[in-house]
Every structure is written in structure tokens, then in C-alpha cells.
Amino acid sequence: MELPDGLVAVVKRDCPTCQTVVPVLERLASGAGSVPLTVYTQDDPAFPAGLSPVDDTDLDVSVALDLDTVPTLLRVAGGVEVGRTVGWSATRWAELTGVAEDALAGGLGLPAVRPGCGSRTLDPDVADEMLVRRRGGSLRSRRVELGGLEDEWEAMFDRGWSDGLPVVPPTPARVLRMLEGTSRSPGDVVAVVPPDLVECTVEKVAVNAVMAGCTPACLPVVLAAVAGACTDDFNAHGLLATTYASGPVLVVGGPVTVRAQMNSGGNVLGQGNRANSTIGRALQLVIRNVGGGRPGGVDRAAHGNPGKVGFSFAEDGATPWGWLHEERGLPAGSSGVTLFPGEGPRTVVDQLSRDPESLARSFAAALRSVAHPKLVLGFDALVVVGPEHGRVFDEAGWSRAAVTARLHELLQIPGAELVRGAGGISEGVPERLRDATLPKFRAGGLLLVRAGGGAGLFSAIIGGWANGATGSEPVSVEVAPWD
């Protein structure tokens, strides 16, 4: 909008500082300054009396000026703002108006400085409307109008946007607030999402993050997860289409876990933490609503698992092992998300081992059962080491690499135990491998992280889906820094 040249003041009656500066505005209007004064009022068209205020109760001018505070005083030349000050400061008002302080406020008994009040554009009852008016034009997603008698929650179920649980209506205001969690442009393409191979923008991710219940601080993690899931290495299409029970598991590390208020402690793999519960869900909703991947369609899981609603958690980086994503090659000090194609977790109980060798043997025995005790090399595993188990390794000086190496040694299995028919079980490896010694896991196929509650000698194993060229590789993606 083009503003009138001269001085422009925006005020509201419901602001003590605005009332304080009325005598100053009267002096400027009566000719104390060399330029004309225009006053806009946000709440009362008659305030300030005698200054012929311009009615801005619809807030069009305030929105165009992107106001946060009243009073705001601007200087305009040629229809363009050339200076601005907010609140009351005798010195700054004198500089902006070109009127000496004595002539501007002398004898009025005003304080030298007084902070202003929040602009009415920030009032809770109008903030959403103002946000949409300010920035709503940047959104490109299709708008869906609901009938007057439609329940918005039921409408989203009926349209197939839900994973079976209620989703948050993605109103323009909520999507715009979500986008405040990233400096990326809403139109930036994050990934091409399978199975329908649809381009997914930052805005589309934000829409689904709103539906999942994320906060804006979670959005950078979701963006990184979407990018990682849609790589050829992770193979989200194959993971979706398999009849196996697996889905994306997101292990988040680095400073973003604090910013997003993620949980790495008690009940880390369970309910109760908003970020843990919603980040993985947002990824799954993107795959569903953007990529078209739905149960009964491309998603052919025979059983599935509850984690397919969304499975994400923070690891504990305050241990000698540090962050998993850094060990996997991402920069030191960064935030990262590691995507693992996993099934539901199962608990490892060992309440007696107090030396690392004994505990490693317990872990190895439990890991034998991933997928099937007689199937080797085809399935990876993620071990979530609890704090009390982790302390056993720490006190003995065993690093993550040392524990991993020892587990691989303990999981070298004689082929005679694995061949088909051994143990009276038809499942197994071909007879030609009877005399071989086979590792349970391929190199790099065993991932260890630290997380969980401080009490309880427990850890957890998350078995993986088929690995390699026909399956999925774990992928670590850096979470972009935020502004």
C-alpha cells in the first residue's frame, strides 16, 4: 500500500503508552513539525479525539506495515517508509520528526522512555486471521472447503487423510505457523515420494506435520526424514510394499533433540512425549497423503506393527558413545536423523551381568532371534542400550565400536546349526553351507544407540527388514540448522 507522505502514527486506545503520547501527536499536528501527520487507530475510530484519526479497525494498514508494537511512528517520503520507531522515546521521536526534544515534549511531564504495547494484530482472537492475511498468499496447497454441517475431524477421516487416529485440521494459519520452524521456502521440493512418485514441497511436509500434531521445532527433523526415506538406499517404496511387519524407525540425535523437546529417557520408545510421538507420524502421513501409500493398496504388510503409525525417538548423546549420526559420518556438532527399517521392539532382560563380556553374550543370544534364529545376513538390527546396561560397558571402557565388534564375534554361527532341517526346523540356509561359519549380521548391519530410563537393567532390540540391494539400507541425514 502507498502511505501518505510525512509522519504516520499507528495507535490504539487500549494502550497506556499511546495515551501518553497523544499530547506529542497534538503538537506535531498543530505544526510543531515541518511535515503533515496522519494517525491510524486500531481499536477506536474516535481515538485520539481532535486528530482526525483514520479508522484501521479492520487492521489492513497495520497488516501492511507488519506491526508488532503500538505506538509506531514512521516517516514516509514518496510513499515509501524511510524511518520507524516503536513505543515512546523522546530522543528517537525527536530524531525521526526533526523536532527538538524541548519543542516536542517539553513541559508535558513525559518519561524519557516508555515501552509500547502489542499491536492488535497480535491479539489471540485475531492473530490467526492476521497471519493468513500477511502470509497466506505464499501457500499453494489446494484448499478444501467443508460444508456447514460437516464435522472437520470426521471429514478428514472420510477423505482418507488419517492413519486411523484423529489428525489436526491443517488450516492456513496452522500451516504458516509450522513453516516458521524452517528458513526454507515453502515451494522447495524436499523429495519425490513413493509409491506414486509425487514431488513433495516444504509446504506439503508442513501440512502433514500439522496433521500429525508436530510443533514447528519438529519440522526440520521431519524434512530431513522425508528426504532420507525417499532415497534409493532407504527404499521407502520397497519397505512399504513388503508383506513384512517393518516400517521407518527414526533415531534423532544432536542439539535438535533439545530444541524439539524430544525424549531420550524413561519410556523412550513409548507414548507421552509429543515430539517422539509425532515426528515419525508426520513422515508416515507424507507417504500416505502425498505418495499414496496406504494399507490395502501398495502397503501389503501381513501384520504390520504399532510403530507404523510413527516410530521416532531421541538417543542419549551425553554418554561416551556420542551420537549415532556422527559415528556414521555426519559433521561433529550437527543434528541428524538415522532412518532404520524396523519392526516393533522387544526387550532384553539381563539383571545379573556386571561385566561387559557376560552382557555382550546376553545381547548376542537375544540377537540370534532377529527374523529367525536360523536366518543370517539378510536382516539388520538396531539395539537400544539402556543406561544401566550402558554403564556396564562404560565402566569397562568398551566403546560403541568395541561392543559392536564383540557382538559380531559372538554371532559367528556354525552352518550345521543353520541348515534346513537342523533342530527339526525346515527353515534355514541351504545344505551346502553346513560346513561354513556364518555371521548373523553383515558388516555395518548392527547399529547400537543409547536411550531409555535410568532404572531397569533392560535394553531393546529392533529387528530390521531385508537389507542390501533388494531391501533397505539405514540412512543418516543431517537436520538443517534453524534460524
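What to note about this one:
- Over all directions, the projected convex hull of the C-alpha atoms in segment 127-257 averages 9.6 nm² in area.
- Dipole size of segment 375-483 about its Cα centre, with +1 on Lys/Arg Cβ and -1 on Asp/Glu Cβ: approximately 260 debye, rounded to the nearest 20.
- More than 19 Å apart - percent of Cα-Cα pairs taken over segment 9-136: 46
- When peptides 282-292, 137-147, 105-115 are sorted by average Cβ neighbour count within 10 Å, with the highest value leading, the order is 282-292, 105-115, 137-147.
- With helices as the sole contributors, the chain gives -8000 deg cm²/dmol at 222 nm; each DSSP H run of n ≥ 4 counts as -39500 (n - 2.57), and the sum is divided by every residue.
- Cα-projected label distance for Glu357 with Val298, points at 7 Å along beta-carbon direction, nm: 5.1
- Take every Cα pair under 8 Å whose residues are at least 6 apart in sequence, average their separation, divide by the length of segment 375-483, and the relative contact order is 46 percent.
- 5 angstrom amide H check on Ala191, placed H, neighbours 5+ away: Cys200
- According to the Kirkwood relation over distinct C-alpha pairs, the hydrodynamic radius of segment 190-285 is 13.8 Å.
- Dipole axis of the chain (+1 Lys, Arg; -1 Asp, Glu on Cβ), positive-most option in Gly247, Val76, Val189: Gly247
- In plain terms, if you count all Cα to Cα distances in segment 336-419 and split them into 5 Å steps from zero, the share in each step is 3, 12, 24, 24, 19, 13, 5, 1, 0 percent.
- Förster radius 41 Å - calculated FRET efficiency between Thr243 and Glu409, Cβ distance, rounded to 0.05: 0.80
- Added length on full extension, which subtracts the Cα-Cα distance from 0.36 nm per residue, Glu145 to Glu81: 19.2 nm
- Between Thr91 and Ala455, the C-beta separation translates, for a Förster distance of 60 Å, into a calculated FRET efficiency of about 0.50.
- Positive-end residue of Ala401, Ala416, Thr437, charge dipole of segment 398-441 with Cβ unit charges: Ala401
- Label sites at Asp60 and Glu180, each approximated as a point 7 angstrom past Cα along Cα to Cβ, lie 2.6 nm apart.
- Taking 0.692 mPa s as the viscosity and 37 °C as the temperature, the Stokes-Einstein diffusion coefficient of segment 1-72 based on its alpha-carbon Kirkwood radius rounds to 269 µm²/s.
- Charge dipole magnitude, Cβ of K and R +1, D and E -1 - segment 268-414, Cα centre, debye nearest 20: 700
- Of all DSSP beta bridges in the chain, antiparallel share, percent nearest 5: 75
- Rg ratio (alpha-carbon, reference 2.2 N^0.38 Å) - segment 421-483: 1.72
- Across segment 125-186, the mean sequence separation of Cα contacts (distance under 8 Å, 6 or more residues apart), normalised by length, yields a relative contact order of 43 percent.
- Cross-link partners of Lys374 among lysines, defined as those whose alpha carbon lies under 20 angstrom from its own and excluding same-chain residues fewer than eight positions apart: Lys440.
- Maximal additional length on extending the Leu377-Glu395 stretch stands at 3.4 nm, based on 0.36 nm per residue less the C-alpha distance.
- For segment 194-217 and segment 224-260, distance of Cα centres in Å: 14
- For the chain, fraction of C-alpha pairs farther apart than 43 Å, in %: 37
- Dipole moment magnitude, nearest 20 debye, the chain about Cα centre, only Lys, Arg, Asp, Glu C-beta charged: 1440
- Nitroxide proxy distance, nm - points 7 Å out along Cα→Cβ at Ala100 and Leu122: 3.6
- Loop GluC sites (Glu not before Pro), segment 411-483, which have at most 16 other Cβ atoms in a 10 Å radius of their Cβ (DSSP): Glu427
- Based on Cα contacts under 8 Å between residues 6+ apart, the chain shows a relative contact order of 13 percent.
- If the Kirkwood radius is taken over C-alpha pairs of segment 273-411, then at 20 °C and 1.002 mPa s the Stokes-Einstein diffusion coefficient equals 123 µm²/s.
Just so you know, all these numbers are worked out from the coordinates, no wet-lab data involved. Since the structure is predicted, the reported quantities are computational estimates derived from the model, not experimental observations. Don't worry about glycine lacking a Cβ; one is built from the backbone with ideal geometry, like all the others, and counts go over all protein chains shown.
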